[in-house]
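Take a look at the structure set out below.
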Amino acid sequence: EFVCKFKNNRIPLPAIALGTNASNLTAIGNDYGFDNIFSRELSAIGNNNDILIAISTSGKSKNIINLIEEAKSIGMPFYILTGESGGDLSIYKEVVIKVPSKDTAIIQQVHIILGHLICINAELEYI
């Protein structure tokens, strides 16, 4: 939705989904472990002018925790979408959006809706 469009024709917005490059995924997973797949990619391509949106239904995913630590180390602002408890990521109170449910499917559906709201608001800035 960012690079192409969500609802309106507009300039493309720079965005990337970490963990989608199979070559990076296997190389980082083999050499640094699955817990570092996202943080290693972010270290390579992220900077403090970017914004990270991290998603962890449980809030306990070690690869997401490491990702947030990497974002902090490079000064990148971030937001976290989790489920009801927020898990270990609850320590970032100001930037955690907790879906008030324990049901993974419901949490994921609300995360999709939140993603669409983020996209439409970003898009409105560029039309």
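Observations
- In segment 112-125, the residue that is modelled with the lowest pLDDT out of those that are over 13 Å from the mean Cα position of the chain (by Cα) and open to solvent by 70 Å² or more (accessible area, probe 1.4 Å) is E125.
- Applying the criterion of being under 22 Å from F34 (Cβ atoms) and touching a Ser or Thr at 6+ places or on another chain (Cβ under 8 Å) to the residues of segment 87-100, the residue that is surrounded by the fewest Cβ atoms within 10 Å (Cβ to Cβ) is G87.
- Criterion violated by E1 - all others in (1) acidic (D, E); (2) in contact with a Cys (Cβ under 7 Å, 6 or more places away or on another chain); (3) loosely packed, with under 15 Cβ neighbours inside 10 Å satisfied: (3)
- Within segment 18-42, the set of residues being outside any helix (DSSP H, G or I) and over 20 Å from K60 (Cα atoms) comprises T20, N21.
- The one condition in (1) open to solvent by less than 80 Å² (accessible area, probe 1.4 Å); (2) within 15 Å of the chain's Cα centre (by Cα); (3) over 25 Å from K7 (Cβ atoms) that K72 fails to fulfil: (1)
A quick yes/no check of all residues on (1) part of a loop (DSSP other than H, G, I, E, B); (2) at pLDDT 95 or above; (3) open to solvent by 60 Å² or more (accessible area, probe 1.4 Å); (4) closer than 15 Å to D35 by Cβ:
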position	(1), (2), (3), (4)
I64	no, yes, no, yes
L67	no, yes, no, yes
M76	yes, yes, no, no
Y79	no, yes, yes, no
S85	yes, yes, yes, no
K102	yes, yes, yes, no
V110	no, yes, no, no
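- Residue in segment 33-46 that is closer than 23 Å to L13 by Cβ, open to solvent by 30 Å² or more (accessible area, probe 1.4 Å) and either free of Cβ contacts under 8 Å to residues at least 12 places away in the same chain or among the polar types (S, T, N, Q) (or both) present: yes
The values are calculated or read from the model by the stated rules, or taken from the named source; none is laboratory data. Owing to the predicted nature of the structure, the values given are computational and were not obtained by experimental measurement. Virtual Cβ from ideal backbone geometry, glycine too; neighbours counted across all protein chains shown. Just so you know, the surface numbers come from the protein's heavy atoms only, side chains and all, with ligands and any DNA or RNA stripped out. Shrake-Rupley method; radii C 1.70, N 1.55, O 1.52, S 1.80 Å.
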